[in-house]
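Engineer: Dumping the structure here so I can ask a few things about it.
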Amino acid sequence: MHTRNFDLIAFDWDGTLYDSTQIIVRCIQAAVCDVGGRQPTPEAAAYVIGLGLMEALAHAAPDVSPDKYPELGARYRHHYASHFNDLSLFEDVLPLLDALKARGHLLAVATGKSRRGLDETLQSVELKGVFDGSRTADETAGKPDPLMLHELMAQFDLPASRILMIGDTTHDLQMALNAGCASVGVSYGAHEPSTFTVLNPLHVAHSVQGLHQWLLANG
């Protein structure tokens with residue numbers, strides 16, 4: 001039997017398990033334009049994915065005044081809701097999660113999404129009962145603050161050394177570093193993987209299948 005190196009594997013959601021990066025970028029751009037801001041570049045919009053919603057929108061729209069942030073958030077949610085049925089898990093994610101569960105790993109989600117947004121997504125039949133825990137930015141603190149991971153450590157009574165964080169952004173990997181946890185990056189999401197190096201991930205996976213293979217050998 002394979003010895004586990006990590007008891008709990010925490011996943012970011014958007015861009016890591018969920019194929020939503022490009023739609024989120026377009027929704028951020030549209031929301032900023034709706035309130036009279038200058039449209040952020042795709043790179044600027046992608047950079048803020050993973051942060052809490054209001055922090056992300058403020059960063060992506062530096063020329064929008066804070067009194068317009070509520071409207072900005074509402075416009076983002078409007079655009080995102082119109083695309084909700086266009087979104088799906090990356091291919092091969094479910095077999096990966098099933099294999100990790102079969103090996104006895106605890107699975108969690110640590111995401112910049114809201115609790116409401118995550119719960120709506122997790123209601124699908126295919127995801128029922130898959131995750132043992134989850135934390136969202138609006139109920140804890142936005143990345144890279146380590147509070148999400150600290151709360152998961154407390155929930156499952158695990159030291160940082162037994163938790164692995166997997167994500168597609170520097171925000172995810174910095175959160176892991178701040179929490180004292182190991183991390184793995186994925187290159188198919190929002191951030192350029194060349195930016196991961198300084199954050200010392202154990203590995204950078206270039207596909208879900210590649211992530212699956214690495215975790216079976218090293219997780």
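Engineer: Condition test on Gly167, is it within 24 Å of Phe90 (Cα to Cα), of a type outside the set (Ser, Thr, Tyr) and touching a residue at least 40 places away in the same chain (Cβ under 8 Å)? Step through it out loud before you land on a result.
Structural biologist: On the way: within 24 Å of Phe90 (Cα to Cα): yes; of a type outside the set (Ser, Thr, Tyr): yes; touching a residue at least 40 places away in the same chain (Cβ under 8 Å): yes.
It is true that Gly167 is within 24 Å of Phe90 (Cα to Cα), of a type outside the set (Ser, Thr, Tyr) and touching a residue at least 40 places away in the same chain (Cβ under 8 Å).
Engineer: Just to be sure, is Tyr69 within 19 Å of the chain's Cα centre (by Cα), surrounded by 13 or more Cβ atoms within 10 Å (Cβ to Cβ), assigned to a helix (DSSP H, G or I) and aromatic (Phe, Trp, Tyr)? Reasoning before the result, please.
Structural biologist: Working: within 19 Å of the chain's Cα centre (by Cα): no; surrounded by 13 or more Cβ atoms within 10 Å (Cβ to Cβ): yes; assigned to a helix (DSSP H, G or I): yes; aromatic (Phe, Trp, Tyr): yes.
Spelling it out, it is not the case that Tyr69 is within 19 Å of the chain's Cα centre (by Cα), surrounded by 13 or more Cβ atoms within 10 Å (Cβ to Cβ), assigned to a helix (DSSP H, G or I) and aromatic (Phe, Trp, Tyr).
Engineer: Look at region 27-54 and say how many of its residues are part of a helix (DSSP H, G or I) and either crowded, with 17+ Cβ neighbours inside 10 Å or modelled with pLDDT of 90 or more (or both). Before you say what the answer is, go through the steps one by one.
Structural biologist: Applying the first criterion (part of a helix (DSSP H, G or I)) to region 27-54 yields 27-34, 42-47, 53-54.
Still in the list and also either crowded, with 17+ Cβ neighbours inside 10 Å or modelled with pLDDT of 90 or more (or both): 27-34, 44-47, 53-54.
Going through region 27-54 one residue at a time, the tally reaches 14.
Engineer: For Asp98, indicate whether it is within 25 Å of Pro146 (Cβ to Cβ) and outside any strand (DSSP E or B). Even if it seems obvious, please write down each step before you answer.
Structural biologist: Values: within 25 Å of Pro146 (Cβ to Cβ): no; outside any strand (DSSP E or B): yes.
Criteria not met by Asp98.
Engineer: I need the full set of residues from region 1-20 which are buried (at least 19 other Cβ atoms within 10 Å of the Cβ) and more than 15 Å from Thr121 (Cβ to Cβ), in order please.
Structural biologist: Passing the criteria: Phe6, Leu8, Ile9, Ala10.
Engineer: Looking at Ser124, Ser114, Ser82 in this structure, which one is out of contact with any Gly (no Cβ under 6 Å at 6 or more places or on another chain) and outside the structural domain of Trp214 (by TED's automatic domain parsing)? Don't jump to the end; show me each part of the working.
Structural biologist: On the way: Ser124 fails: outside the structural domain of Trp214 (by TED's automatic domain parsing); Ser114 fails: outside the structural domain of Trp214 (by TED's automatic domain parsing).
Residue meeting the stated conditions: Ser82.
Engineer: OK, next. If the requirement is being out of contact with any Leu (no Cβ under 8 Å at 6 or more places or on another chain), at pLDDT 85 or above and surrounded by 16 or more Cβ atoms within 10 Å (Cβ to Cβ), which of these qualifies: His79, His105?
Structural biologist: Numbers: His105 fails: out of contact with any Leu (no Cβ under 8 Å at 6 or more places or on another chain).
From the options His79, His105, the qualifying one is His79.
Engineer: When only residues in region 55-66 that are part of a helix (DSSP H, G or I) and touching a residue at least 24 places away in the same chain (Cβ under 8 Å) count, which is farthest from Trp13 (Cα to Cα)?
Structural biologist: Here is the first cut: in region 55-66, the ones part of a helix (DSSP H, G or I) are 55-60, 66.
If we keep only those that are touching a residue at least 24 places away in the same chain (Cβ under 8 Å) as well, we get 55-57, 60.
Details: Glu55: 17, Ala56: 16, Leu57: 18, Ala60: 20 Å.
Among those that are part of a helix (DSSP H, G or I) and touching a residue at least 24 places away in the same chain (Cβ under 8 Å), it is Ala60.
The values are calculated or read from the model by the stated rules, or taken from the named source; none is laboratory data. What you see is a predicted model; the values in this text were computed from it and never measured. No Cβ is skipped: glycine too gets one built from the backbone with ideal geometry, and neighbour counts run over all protein chains shown.
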